[in-house]
Amino acid sequence: MRVPFLELKPTYEELKPELDAAYHRVMDSGWYLLGQELAALEGEIADYCGTRHAVVVGSGLDAMHLVLRAWGIGTGHEVIVPSNTYIATWLAVTYAGARPVPVEPDLQTYNLDPDKIRGAISPRTRAILPVHLYGQPADMDPIMEIAREHGLLVLEDNAQAFGARYKGRRTGSLGDAAAHSFYPGKNLGAFGDGGAVTTNDAELARKVRMLRNYGSEIKYHHEYCGFNSRLDELQAAFLRVKLNRLDEWNQRRQRLAQIYLENLAGIDGLTLPRIAEGAETTWHLFVVRHSRRDELQKRLTAAGIGTLIHYPIPPHLSGAYAGYGWKHSDFPIAEELANTVLSLPMGPHLSEAQVGYVVQCLKNST
Ligand SMILES: *Cc1c(COP(=O)(O)O)cnc(C)c1O
């Protein structure tokens, strides 16, 4: 048996008639940017997340960058970020001209540890950027409380958690704003790049809308030095089709995760994901930990099972941040995670038999 880490083609095959219809609808319309599909998608995303506004942009990175810009965060400012996230979270802060200030995660949930945030706040801090890593919501109540205490803004990085819930509320509606990614491998993925901002703040939504389109609200009137970060009508139409399927697909992931959890419990040296009380994850990734991770990954590869490491190098040790003076042991939890995490195959088109095979191989390899 072969178990690829994630296959994207089956999503097309399952939705082919609807996606093909969307393609023809857009091509026949003769309108390819900033049109009806985008407007409709924005309404549907806002409804889904439970926010008043959604602004669709070119990528998840752009979504974060444009929000920080719209908030006036830049040179001389600091933004608190997790030490163990995908580098895009940090890059958004860097693009805006501000400095990312890493805070270590909780070792149970891998999400930002609220107790450690206070110690990282300085007079230059303007915002906190929690990530709902692997699909599990960060502990937002204490994060919002700390933010309010210190007059900070909160931007959720919801790239991996579209459809998750925290104490019954959707992620994407919990902070002052949220950034979403529609990268093809995400739970709600386009057939190319895409992203969105959700917020209840009308002024912020208006400003991000301008920033994505050359800083303009009225054609050829440019209020800001904006960017070009527009999602085309084809991708918007495809995403509308896929949004209809998202809950069903996230439920399939939940069922597969349950099989992993039930059958992998008690294996020596293997740490399974833990979902906090009140949190509902999207299972974007099913991440285990093992002290001899590299050896385990090799055995699984030999058995035809695709795995990935999210992420092998924490941002503070990557070349991109070499100029910041960080060194080994500065963020030991992020480094420990980088050395031990392993993402098992997960996705809506993985079969229960394939998951069973992964379980069997893991039991034989540990
Ligand atoms: C995918 C991802 C991003 C970036 O999204 P893009 O659409 O690829 O720009 C940001 N943060 C996290 C946590 C991600 O997983």
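Which ³J(HN,Hα) values, rounded to whole Hz and listed in residue order, are derived for the stretch 354-366 from phi using the Karplus coefficients 6.51, -1.76 and 1.60 in 6.51 cos²θ - 1.76 cosθ + 1.60 with θ = phi - 60°, glycine and proline given as x?
5, 5, x, 5, 4, 4, 4, 5, 5, 5, 6, 9, 10
Putting +1 on Lys and Arg Cβ atoms and -1 on Asp and Glu Cβ atoms, find which of Leu15, Ala164, Ile143 reaches farthest to the positive end of the dipole of the chain.
The residue sitting most towards the positive pole is Leu15.
If amide hydrogens are placed 1.01 Å from N in the peptide plane, which non-local residues have theirs closer than 5 Å to the one on Ile305?
Residues meeting the criterion, in which the H sits 1.01 Å from N, are Val3.
So, with +1 on the Cβ of K and R and -1 on the Cβ of D and E, and no other charges, what is the size of the charge dipole of the stretch 181-261 about its Cα centre, to the nearest 20 debye?
300 debye
What is the mean projected area of the alpha carbon convex hull for the chain, to one decimal in square nanometres?
If I average the Cα hull's projected area over directions, I get 18.3 nm².
When Lys and Arg each count +1 and Asp and Glu each count -1, what net charge do the other residues less than 11 Å away from Glu37, Cβ to Cβ, add up to?
Once all neighbours under 11 Å are counted, the net charge is -2.
Tell me, what is the percent relative contact order of the chain, built from C-alpha pairs under 8 Å that lie six or more residues apart?
Reported as a whole number, the value is 22 percent.
Name the residues whose placed amide hydrogens come within less than 5 Å of the amide hydrogen of Val56, ignoring near sequence neighbours (fewer than 5 apart) on the same chain.
Val197
Putting +1 on Lys and Arg Cβ atoms and -1 on Asp and Glu Cβ atoms, find which of Ser122, Ala338, Gly97 reaches farthest to the positive end of the dipole of the chain.
Result: Ala338.
Just subtract the alpha-carbon distance of Ala202 and His349 from 0.36 nm times their residue separation and send over the number in nm, one decimal.
That works out to 49.1 nm of additional length.
State the extension gain, in nm to one decimal, for the chain segment bounded by Thr271 and Glu336, taking 0.36 nm per residue of separation less the distance between their alpha-carbons.
Extra length available between Thr271 and Glu336 comes to 22.1 nm.
With 23 Å as the limit, write out which pairs from Lys116/Lys207; Lys186/Lys363; Lys186/Lys242; Lys186/Lys327; Lys16/Lys186 have Cα-Cα distances beyond it, or answer none.
Checking Cα-Cα distances, Lys116/Lys207; Lys186/Lys363; Lys186/Lys327 exceed 23 Å.
Each label point is 7 Å from the Cα along the Cα-to-Cβ direction; what then is the distance between the points at Glu248 and Lys327, in nm?
Placing both labels 7 Å beyond Cα along the Cβ direction yields 5.6 nm.
Cα centroid distance between the stretch 27-85 and the stretch 221-282, in Å?
Value for the Cα centre distance between the two parts: 17 Å.
In the stretch 1-60, which trypsin sites (Lys or Arg not before Pro) fall in coil by DSSP and have 13 or fewer other Cβ atoms within 10 Å?
Arg2, Arg52
Multiply the residue separation of Tyr23 and Ala120 by 0.36 nm, subtract the distance between their alpha-carbon atoms, and state the gained length in nm to one decimal.
Additional length available on full extension: 30.1 nm.
Three principal axis extents, largest first, for the C-alpha atoms of the stretch 202-256, in Å?
50, 23, 16
The numbers here are math on the coordinates, done by the rules we state, and not lab data. Computed from a prediction, not measured in an experiment: that's the story for all the values here. Counting neighbours? That spans all protein chains shown, and the Cβs are built from the backbone with ideal geometry, glycine included.
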